[in-house]
Amino acid sequence: MFEKVKENLMKFIMVSMILISCVLPACATNVTFNTNGLDGIEIYNSTGLVGTINDSGVLDLPDSAVNYTLVKEYYDNETVEVDPTLATECNITMGLTEYTVEINSSLTSFDIYENGTLLGTYDDTHQVLSLTYGTYYLTISKTGYENVSMNLTVPGVTEINVSMSEIVEETTEEENTTTTEESEDVQTAILISFAEDDDIVDIIVENKVFFGIIIVVLGVAIYLGMPGRKGKK
């Protein structure tokens, strides 16, 4: 009889262990992941993918402390320890991955802008840009040179070549021209000497100032040459 009881006890223990092994995995708790608006985040543990969540997504996790790694394209991976027995919410902050873009140029320095915001300065010690995911419209500026613009998609472009044209100031040579009344008067006198009678009238009309001066000069000369004026000297 003792042997019978012992046998039944062993069966009970084995059945109990089987039941416990079946029940333990079912001991899990819903955990909410707050991701600051990010969607499509994959969550991994040491054995593989656990699930994919959006912001405020919920996963059913075992009641034990486990490390989980959150993965999203263009973002740095984030690893957190989650223990549902201590907290049922997990706040996640994922930072954008920075990609390096190398700059090649024969110039010694210049500034790089994006929509009016300075992104960086190229010089002997800074020859790369660190940019996050996105499309950039760059404007490269240097005093004395014409600005250069280009589109840049990150990630994808790993280096850019920059060349700039120097601004050349245009100089205009002024022609030396003589436009004085004296030269005009000489030309008028020459025209008179070769002109016919009808043409002389036209020339006089078109050059009233010139002939007015001549009349005044002649009048003064005649006045000074009068006999009465000579006697007064």
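The values are calculated or read from the model by the stated rules, or taken from the named source; none is laboratory data. Nothing here was measured: the structure is a model prediction, and the numbers come from that model. Positions of Cβ are backbone-derived with ideal geometry, glycine not excepted, and every protein chain shown enters the neighbour counts.
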Quiz item: Any idea how many residues of the range 73-121 are out of contact with any strand residue (DSSP E or B) (no Cβ under 9 Å at 6 or more places or on another chain) and under 30 Å from D63 (Cα atoms)?
Solution: 2
Quiz prompt | Test result for N115, free of Cβ contacts under 8 Å to residues at least 24 places away in the same chain and surrounded by fewer than 12 Cβ atoms within 10 Å (Cβ to Cβ) | solution = yes
Quiz item: Within the range 90-101, can one find any residue that is under 30 Å from N147 (Cβ atoms), of a type in the set (D, E) and in a strand (DSSP E or B)?
Solution: no
Exercise. Determine, yes or no, whether S109 is farther than 19 Å from L152 by Cβ and under 19 Å from the mean Cα position of the chain (by Cα).
Key: yes
Quiz prompt | Residue, surrounded by the fewest Cβ atoms within 10 Å (Cβ to Cβ), within the range 80-97, restricted to residues that are of a type in the set (S, T, Y) and modelled with pLDDT under 95 | solution = T93
